[in-house]
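In what follows, a structure is listed as structure tokens, so that the remarks can point back to it.
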């Protein structure tokens with residue numbers, strides 16, 4: 001008698017389970033995003049009671065608009081509690097207009113309950129994921145690498161398009177390799193312990209032997225910021241024979257060291273503007289907003305979704321990150337986005 005598990009339907013059954021696992025992974029990732037956005041909303045609304053009346057109304061208008069953007073997330077089960085939140089915001093606005101609320105009333109109670117609702121949805125999804133993985137494990141079919149790839153791909157799908165923005169800031173999973181000290185032609189992978197990274201406070205994993213670090217801040221530079229249209233004598237943009245605009249690379253003023261009469265001298269020069277120049281400007285903005293320093297993990301950029309990306313980290317985290325490397329200092333030769341579709 002033929003074992004039914006080895007019949008023609010076995011492969012399709014396993015494939016269906018893998019598909020379900022991928023779907024649950026995407027759902028968990030999107031729920032994580034919703035929870036993060038709700039936390040940001042709650043932080044913003046914490047100033048409601050102590051603000052003056054015009055600012056209170058402005059905060060509520062902004063909050064309602066923000067709730068609408070969260071509603072647009074393709075996540076089943078979130079619309080109900082978001083509607084409750086919006087109704088509460090409307091009531092708060094009406095109370096402020098009527099001057100019938102006290103400072104104690106100006107608390108968005110549905111903000112906390114909404115986060116609890118998301119956590120409940122995440123718990124159910126996690127339970128579902130565990131059951132599906134156990135089903136495959138029992139048949140020797142579960143692949144942890146495939147799980148990580150699918151999970152990271154769903155994270156990368158949340159990186160938005162640039163549109164008219166000069167730059168983007170987004171947290172994403174990154175993968176990297178280091179330089180082999182004995183031969184610089186070869187990269188070494190898997191030389192950073194995931195367990196060590198976890199101990200140091202980094203959320204880490206591996207894909208095919210490569211170390212993955214989750215939720216790393218990356219700066220995306222729009223290539224359009226590096227060039228400008230060439231204009232004709234009438235001040236109109238010039239086009240080539242294919243009707244594409246003629247562009248020229250922008251330049252910036254810089255200094256460099258030269259030797260003059262056997263002595264070093266600093267001179268002013270013009271050079272082509274680079275994506276790193278733009279990324280450094282963003283880092284300065286970050287430092288102004290956060291109040292602490294940031295560093296580039298690698299000077300090498302990564303192209304993704306039409307942008308030029310750089311991996312940055314707070315200085316305090318850089319020191320911790322370096323402790324995970326065998327040499328005690330960061331050794332990143334190449335890096336990219338984990339789970340990127342090639």
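Throughout, read-outs are computed from the coordinates displayed, never taken from laboratory work. From a predicted model like this one, the values you see are computed outputs, not experimental measurements. Every residue, glycine among them, receives a Cβ derived from its backbone with ideal geometry; neighbour counts consider all protein chains shown.
Extension gain residue 135-residue 47, at 0.36 nm per residue separation less the Cα-Cα distance, in nm?
Stretched out fully, the residue 135 to residue 47 stretch lengthens by 26.9 nm.
Return the calculated 222 nm mean residue ellipticity for the chain, to the nearest 500 deg cm²/dmol, obtained by summing -39500 (n - 2.57) across DSSP H runs with n ≥ 4 and dividing by the residue count.
Values: 8 runs with 148 residues, N = 342.
Theoretical 222 nm ellipticity from helices: -14500 deg cm²/dmol.
Return the whole-Å distance between the Cα centroid of the stretch 218-246 and the Cα centroid of the stretch 278-296.
Measuring centre to centre over Cα atoms gives 28 Å.
What relative contact order, as a whole-number percentage, does the chain give when Cα pairs under 8 Å and 6 or more residues apart are counted?
16
Could you rank the peptides 294-306, 216-228 by their average count of other C-beta atoms within 10 Å per residue, with the highest value first?
Ranked by mean Cβ neighbours within 10 Å, highest first: 216-228, 294-306.
How much length would be gained if the chain were fully extended between residue 122 and residue 195, taking 0.36 nm per residue of separation minus their Cα-Cα distance, in nm to one decimal?
23.8 nm
Just one of (i) 40, 35, 23; (ii) 32, 27, 17; (iii) 39, 24, 21 is semi-axes √(5λ) of the Cα gyration tensor in Å as worked out from the coordinates here. Which one is it?
Recomputing semi-axes √(5λ) of the Cα gyration tensor in Å here picks out (i).
Tell me the label-point distance for the pair residue 266, residue 203, using the 7 Å Cα-to-Cβ offset, in nm and rounded to one decimal.
4.3
Once you keep just the Cα pairs under 8 angstrom separated by 6 or more residues, what percentage relative contact order results for the stretch 4-142?
Working: 95 pairs, mean separation 52.0, N = 139.
Normalised by residue count, the contact order of the stretch 4-142 is 37 percent.
Rank by packing, highest mean first: peptides 41-54, 24-37, with packing defined as the count of other Cβ atoms within 10 Å averaged across residues. The partial results should precede the final answer.
Working: 41-54: 13.5, 24-37: 19.1.
Highest mean packing first, the order is 24-37, 41-54.
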